[in-house]
Number of protein chains: 4
Amino acid sequence: MPTTALIVGAGSGLSASLARLFVKEGISVALAARQIEKLTQLSSEIGAVSFAADVSKPDQVQQLFNDVDNKLGSVNIVVYNPSYRVRGHLVDLDPIEVAKTLSITAYGGFLVAQAAAKRMLQQGNGAIFFTGASASVKGYPQSAPFAMGKFALRGLAQSIARELAPKNIHVAHFVIDGAIRSALRPDPADKPDSTLDPDAIAQTYLSILRQPRSAWTWEVELRPWVEHF
Amino acid sequence: MPTTALIVGAGSGLSASLARLFVKEGISVALAARQIEKLTQLSSEIGAVSFAADVSKPDQVQQLFNDVDNKLGSVNIVVYNPSYRVRGHLVDLDPIEVAKTLSITAYGGFLVAQAAAKRMLQQGNGAIFFTGASASVKGYPQSAPFAMGKFALRGLAQSIARELAPKNIHVAHFVIDGAIRSALRPDPADKPDSTLDPDAIAQTYLSILRQPRSAWTWEVELRPWVEHF
Amino acid sequence: MPTTALIVGAGSGLSASLARLFVKEGISVALAARQIEKLTQLSSEIGAVSFAADVSKPDQVQQLFNDVDNKLGSVNIVVYNPSYRVRGHLVDLDPIEVAKTLSITAYGGFLVAQAAAKRMLQQGNGAIFFTGASASVKGYPQSAPFAMGKFALRGLAQSIARELAPKNIHVAHFVIDGAIRSALRPDPADKPDSTLDPDAIAQTYLSILRQPRSAWTWEVELRPWVEHF
Amino acid sequence: MPTTALIVGAGSGLSASLARLFVKEGISVALAARQIEKLTQLSSEIGAVSFAADVSKPDQVQQLFNDVDNKLGSVNIVVYNPSYRVRGHLVDLDPIEVAKTLSITAYGGFLVAQAAAKRMLQQGNGAIFFTGASASVKGYPQSAPFAMGKFALRGLAQSIARELAPKNIHVAHFVIDGAIRSALRPDPADKPDSTLDPDAIAQTYLSILRQPRSAWTWEVELRPWVEHF
């Protein structure tokens with residue numbers, strides 16, 4: 001059974017919901033984000049350990065996992081949530097911002113998955129979950145960089161699901177199709193549940209985590225009842 | 001909360017697992033199959049009501065739902081499991097068998113979904129779940145009829161998910177990618193968990209059923225950890 | 001090289017464009033439709049032979065192919081264009097109309113493909129082309145029957161492409177994503193080329209037909225430059 | 001009508017076939033590759049201008065397009081062919097090689113598309129074609145980097161197809177599913193046409209290029225008749 005989780009990109013509302021739910025289920029939680037100050041409140045609330053790391057940098061990912069090893073022991077659940085995006089017409093995009101989008105959204109996912117897999121292969125089990133978006137499966141206009149990053153992350157998740165599942169590591173990709181609810185973005189009063197409640201998303205992550213290996217899911221999508229798709 | 005389930009195609013191992021799990025969760029269960037004698041043991045075991053119906057026939061579907069209305073009240077969960085297949089080279093296939101495949105695998109799904117939706121729209125909520133297969137998303141050679149039937153069922157599920165979700169009816173499609181375990185088909189001793197445990201599948205159906213409407217899944221696939229895909 | 005084509009569902013504008021283009025390329029053309037009177041003008045214009053057939057009936061398909069054998073010799077190109085649809089809310093659909101949609105849109109495709117394959121396997125080559133729609137890959141609300149029929153046809157096309165390609169029979173599926181231009185439905189003056197010109201579609205069918213077998217296409221989509229997708 | 005083509009990643013056999021076919025069709029051709037010496041023979045054979053450029057570098061892409069502007073005038077066809085891959089188990093991959101794969105396979109595609117679009121939007125027309133692979137739509141095990149790069153390129157192509165098509169720029173993505181024939185990799189004698197003839201692929205690129213805008217293709221796949229898929 002899973003005992004130790006690392007949530008990367010832990011500054012988001014979804015990450016907070018996941019962290020709370022995991023702790024409630026008796027799982028030790030480590031949080032990582034580029035800016036550790038974003039994690040102060042959550043980590044003290046739930047008693048989680050938090051780490052600063054830019055996971056698009058190989059050496060920082062290595063350091064992060066070593067630190068987690070030392071503080072919590074080897075992780076058997078890793079959730080990759082970071083993403084970055086820049087929107088705009090193709091001709092107006094800043095190439096540096098596009099590179100950053102690919103780096104944070106996809107390349108960091110590779111680095112984290114690799115570090116996670118090294119530990120999980122030794123332990124003989126584990127779970128690596130990736131958070132995708134509508135843009136993972138549909139390239140929207142005026143949003144080429146995010147499409148590139150999220151398509152790439154999905155390609156990674158699919159490739160390593162095929163590679164690692166037979167080694168008892170559960171790789172899953174979650175297509176979050178819609179806006180996630182937050183204090184800054186509550187549901188309009190006349191449109192209840194028109195955004196994704198992060199607690200509801202977290203519940204599905206937990207269900208997938210609890211699946212026996214005879215019936216594993218690689219991909220699942222989640223959207224509000226009123227979302228067009 | 002869901003209170004009353006109708007499981008169609010209830011003679012299968014997956015249906016039995018679903019029925020047992022639903023009853024355990026406090027849901028009243030009705031079972032339907034073409035041959036009611038297949039249901040005797042299960043219905044007495046779990047205290048379910050069972051009905052004989054060929055759900056590829058409009059009048060029998062109408063009768064079935066009326067009977068369920070009378071015995072259990074309006075259903076708020078319907079699971080469609082029936083399928084039929086004939087395999088063989090395209091040129092060797094019997095056209096009557098191909099028509100039967102389409103009729104049971106897909107047309108019956110339409111009839112059942114229509115009858116279910118009539119009730120659920122009145123109640124203002126409900127869930128309609130369809131059981132798909134690898135063949136729902138990949139047309140295998142020497143298996144054109146099953147590809148036709150399962151692709152059609154998926155088209156139905158996707159169309160009515162878009163239509164009914166905003167009316168508070170949760171439509172979901174499950175892609176079962178692999179063989180389902182049974183007494184007749186146990187796992188090989190050297191390949192543990194290489195077939196899908198029907199209880200494990202049922203657990204994911206229940207998780208999807210429990211999803212709050214702010215984060216609904218339309219489609220999810222399930223396969224054993226060692227299955228190629 | 002292809003010499004003899006059978007176009008099924010020949011009453012449509014796309015079929016007329018295909019027939020004219022094939023004849024121009026030196027291919028003998030047979031036309032089939034439920035109502036032969038729809039074919040009078042076209043067949044006399046291009047010197048094609050025309051046949052009445054309801055291709056959702058096994059015996060009529062057999063008769064059609066025997067008649068074509070006798071009049072033109074064995075076909076090496078067959079194009080399946082028929083479709084039928086009924087739209088409406090799920091709960092309002094007439095089950096008989098839904099059955100008819102499946103029968104004409106998908107089951108007839110199976111019957112025609114089977115009869116075609118019997119001849120092409122003997123000849124050692126051939127091409128079987130299916131005309132799909134947006135509904136082949138996306139199930140639209142209020143249009144469940146068409147989604148069922150077109151998804152099923154795509155499943156058929158994919159299954160038999162895998163089965164027949166290695167036997168030197170080229171199976172292809174065309175996703176026509178948009179309205180087809182016609183005398184009754186010309187382009188709005190301010191939106192040039194906003195509907196698909198059937199001659200342009202036919203040109204792509206011909207290009208796919210001319211592909212050497214070292215680089216065959218199974219599926220291609222076509223849409224107007226301004227179409228949303 | 002297209003008059004001036006730039007083929008990027010011009011050292012490959014497919015690029016050579018495209019260049020020869022374009023020239024034969026009266027189109028002026030510019031070739032670009034990281035190592036210009038790879039282009040000497042081809043450019044002198046067909047009278048093409050060739051340029052050295054590492055298209056994963058923004059400044060080199062800008063220089064390349066300026067040079068092409070000066071020598072040939074504004075391009076109205078750009079084909080992006082470069083790719084790079086490293087294979088291996090996830091845990092054994094060199095992060096630097098993975099970054100290089102993303103950079104050449106996907107990021108360069110963005111840079112080239114952006115420079116091309118700037119010119120084409122001014123001219124009011126153009127075509128941007130991307131060469132994909134099986135890995136564009138399926139993430140294979142032991143090949144995560146290539147899946148990431150090719151998925152990302154497909155996301156780019158889909159996003160900008162939606163953005164640029166209504167501005168009269170035809171964006172297309174070609175899924176090459178199989179090995180491409182070459183002097184080094186001829187077909188086995190007993191398996192004729194079991195690899196993709198680059199001339200045959202080029203022919204389909206040309207057909208797509210010739211499509212009237214009322215019936216444009218965004219994506220097409222190509223594979224040998226005997227290829228499994």
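Each value in this text was obtained by applying a stated rule to the coordinates, not by laboratory testing. Only a predicted model underlies this, so the values are computations on that prediction, with no experimental measurement involved. Neighbour counts are summed over all protein chains in view; Cβ atoms, including those assigned to glycine, are modelled from backbone coordinates with ideal geometry.
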Kindly write out, for the stretch C:118-128 in residue order, the coupling ³J(HN,Hα) from the Karplus curve 6.51 cos²θ - 1.76 cosθ + 1.60 (θ = phi - 60°), rounded to whole Hz, with x marking Gly and Pro. 4, 6, 5, 5, 5, 6, x, 6, x, 9, 10
What are the label-to-label distances in nm, one decimal and shortest first, from residue C:186 to the same spot in the other copies, with labels 7 Å along Cα to Cβ? 5.6, 5.8, 7.5
Most fluctuating residue given options D:183, D:33, D:152, as computed from a GNM of chain D linking Cα atoms under 10 Å: D:183
What are the ³J(HN,Hα) values, in whole Hz, obtained from phi via the Karplus relation 6.51 cos²θ - 1.76 cosθ + 1.60 with θ = phi - 60°, for each residue of the stretch B:108-116 in sequence order, with x given for Gly and Pro? x, x, 4, 4, 5, 5, 5, 5, 5
The exposure ranking of A:89, A:173, fewest beta-carbon neighbours within 10 Å first, is A:89, A:173
Non-local amide H neighbours of residue A:30 (under 5 Å, H modeled in plane, Pro and chain starts lacking H): which ones? A:5, A:6, A:7
Quick one: which residues, 5 or more positions from residue B:219 or on another chain, have an amide H under 5 Å from its amide H? H modelled 1.01 Å from N in the peptide plane, none for Pro or chain starts. A:221, B:173
Please find, in a Gaussian network model of chain A (springs between Cα atoms separated by less than 10 Å), the residue of A:208, A:36, A:160 whose mean-square fluctuation is greatest. A:36
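Working from the alpha-carbon coordinates of chain B, get Rg over Rh, Rh being the Kirkwood radius. The partial results should precede the final answer.
Values: Rg = 16.9 Å, Rh = 17.8 Å.
Answer for chain B: 0.95.
What is the fewest-to-most order of C:1, B:148, D:120 by other Cβ atoms lying within 10 Å of their Cβ?
Numbers: C:1 9, B:148 32, D:120 25.
Arranged by neighbour count, lowest to highest, C:1, B:148, D:120 become C:1, D:120, B:148.
For the stretch B:1-54, what proportion of DSSP beta bridges, expressed in % and rounded to the nearest 5, is antiparallel? Spell out each step's value before the answer.
Numbers: 0 of 9 bridges.
Once the DSSP bridges in the stretch B:1-54 are tallied, antiparallel ones form about 0 percent.
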Which percent of Cα-Cα pairs in the stretch C:153-229 sits in each 5 Å bin, short to long? 3, 14, 21, 19, 16, 11, 9, 5, 2, 0
Output ³J(HN,Hα) for the stretch B:2-14: one whole-Hz value per residue in order, computed from phi by the Karplus curve 6.51 cos²θ - 1.76 cosθ + 1.60 with θ = phi - 60°, and x for Gly and Pro. x, 10, 9, 10, 10, 10, 9, x, 7, x, 8, x, 5
Backbone N within the stretch A:153-182 under 17 Å of label point (7 Å from residue A:87 Cα along the Cβ vector): A:176-182
Quick one: which residues, 5 or more positions from residue B:169 or on another chain, have an amide H under 5 Å from its amide H? H modelled 1.01 Å from N in the peptide plane, none for Pro or chain starts. none
Calculate for chain C the 222 nm mean residue ellipticity that helices alone would give, adding -39,500 (n - 2.57) per DSSP H run of length 4 or more and normalising by residue count, nearest 500 deg cm²/dmol. -12500 deg cm²/dmol
Below 13 Å, Cα to Cα, which aspartates and glutamates can residue A:167 reach? Residues fewer than 8 away in the same chain don't count. B:193, B:227
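Within a 10 angstrom radius of the beta carbon, how do A:197, A:92, D:199, A:190 rank from fewest other beta carbons to most? Show your work: numbers first, answer last.
On the way: A:197 21, A:92 11, D:199 18, A:190 6.
Placing the least packed residue first, the sequence is A:190, A:92, D:199, A:197.
Can you work out the FRET efficiency for the pair residue A:46 and residue D:96, with r the C-beta to C-beta distance and R0 = 60 Å, to the nearest 0.05? Numbers along the way, then the final one.
Values: r = 37 Å, r/R0 = 0.61.
It comes out at approximately 0.95.
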Specify whether the C-alpha gyration tensor of the protein assembly as shown places it in the rounded, prolate or oblate class, a ≥ b ≥ c being the square roots of the eigenvalues: rounded for a/c under 1.5, otherwise prolate if a/b is larger than b/c and oblate if not. oblate
If you draw the axis that swings chain D onto chain B, which residue of D has its Cβ closest to it, and how far is that in whole Å? D:138, 6
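Let me confirm one metric for peptide C:135-142, namely the mean number of other chain beta-carbon atoms within 10 Å of its residues' beta-carbons.
Values: counts 3, 2, 2, 5, 11, 5, 10, 4.
Across the residues of C:135-142, the mean count of other-chain Cβ atoms within 10 Å is 5.
Starting from 0.36 nm per residue, how many nanometres of slack lie between residue A:189 and residue A:24 once their C-alpha separation is accounted for? Walk me through the intermediate numbers first.
Working: separation 165, 0.36 × 165 = 59.40 nm, distance 3.03 nm.
Answer, rounded to one decimal: 56.4 nm.
In the protein assembly as shown, what % of DSSP beta bridges are antiparallel (nearest 5)? Numbers along the way, then the final one.
Details: 6 of 126 bridges.
Beta bridges within the protein assembly as shown, antiparallel portion: roughly 5 percent.
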